[in-house]
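Presented below is the structure to which this report refers.
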Amino acid sequence: MATDLTDLTVLAIVTNYGVEQDELVVPLEHLRERGAVVTVAAATSDDVATLVGDKDPGRTVTPDVTLDDVDPAGFDLLLVPGGTLNADTLRLQPSAVEIVRSFTRSGRPVAAICHGPWVLVEAGVTTGKTVTSYPSLQTDLSNAGAAWKDAPVVVDPGEGWTLITSRTPDDLDDFLGAVDEVLTGS
């Protein structure tokens, strides 16, 4: 039986190019099929061009709002997909960094996969957290005060807010299971 996420709201933040397709599309479909309202906020109102494996064109996703125009206060969870190009560009977006800080200051959960944790480093919110990510981020996260662990999913409820992290699209089942558990409190 699928987890019921009716009336829960999720904000996904991305740039308009380079998001790893499955790290955006699979969570969107998973969450929406279970009743969650998912809003995609992108750098601009243009379509989001996803990639497969950081190189091959993937599906296109139409954003609902821009990063500058979204009010993060009305959401239950923040989703940060990876993709090397997306994550590297996202961390340079002041509005994306502020959205992350808004969630963590208010104690709401953040779920980041693959290269997604780069924006958490930029926001200065990883100190004291145990995380996982794509392996190349290990040094960045450690230098930013996090304890890096090689695991399919890591859930850290410390420091006043819950952080869910995973390594790659291969870990999506574990990642989404943890997201469901955090959203439902089970």
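Nothing in this text is a laboratory measurement; each read-out follows from the coordinates by a stated rule. Because the structure is a prediction, the values reported are computed rather than measured. In this analysis, Cβ positions are derived from the backbone assuming ideal geometry, glycine residues included, and neighbour counts consider all displayed protein chains.
Observations on the structure shown:
- Under 5 Å from the amide H of LEU51 lie the amide H atoms of GLY18, VAL19, GLU20, GLN21, GLY58, each residue being 5 or more positions distant or on a separate chain, with H modelled from the backbone and absent for Pro and chain starts.
- Each of THR168, LEU141, PRO152 was placed along the dipole of the stretch 112-186 (beta-carbon charges, centred on the mean Cα), and the one lying farthest toward the positive end is LEU141.
- Derived scalar couplings ³J(HN,Hα) [the stretch 19-24; Karplus, 6.51 cos²θ - 1.76 cosθ + 1.60; whole Hz; x for Gly, Pro]: 5, 5, 3, 5, 6, 9
- Dipole axis of the stretch 1-149 (+1 Lys, Arg; -1 Asp, Glu on Cβ), positive-most option in LEU11, VAL125, THR60: VAL125
- Value of Rg/Rh across the stretch 84-161 [Cα atoms, Kirkwood radius]: 0.92
- Placing a pseudo-label 7 Å from each Cα along the Cα-to-Cβ vector at ASP7 and GLU29 gives an inter-label distance of 2.9 nm.
- For the listed peptides 72-80, 93-101, 26-34, 110-118, a ranking on the average number of other beta carbons within 10 Å per residue, highest first, reads 110-118, 72-80, 93-101, 26-34.
- In the chain, Cα pairs under 8 Å separated by at least six residues give a relative contact order of 19 percent.
- Across the stretch 115-125, computed HN-Hα scalar couplings (Karplus, 6.51 cos²θ - 1.76 cosθ + 1.60, θ = phi - 60°) run 8, x, x, 4, 5, 5, 4, 4, 6, x, 10 Hz from first to last residue, x flagging Gly and Pro.
- Contour minus Cα-Cα distance for SER95 and ASP47 (0.36 nm per residue): 15.4 nm
- The simple spin-label model puts a point 7 Å past each Cα toward its Cβ; for ASP69 and LYS55 those points are separated by 3.6 nm.
- Taking amide H as placed 1.01 Å from N in the peptide plane, the amide H of HIS115 sits under 5 Å from that of GLY82, GLY83, TYR134, each at least 5 places away or on another chain.
- Given +1 at the Cβ of Lys and Arg, -1 at the Cβ of Asp and Glu and no other charges, the dipole of the chain around its Cα centre is 460 debye to the nearest 20.
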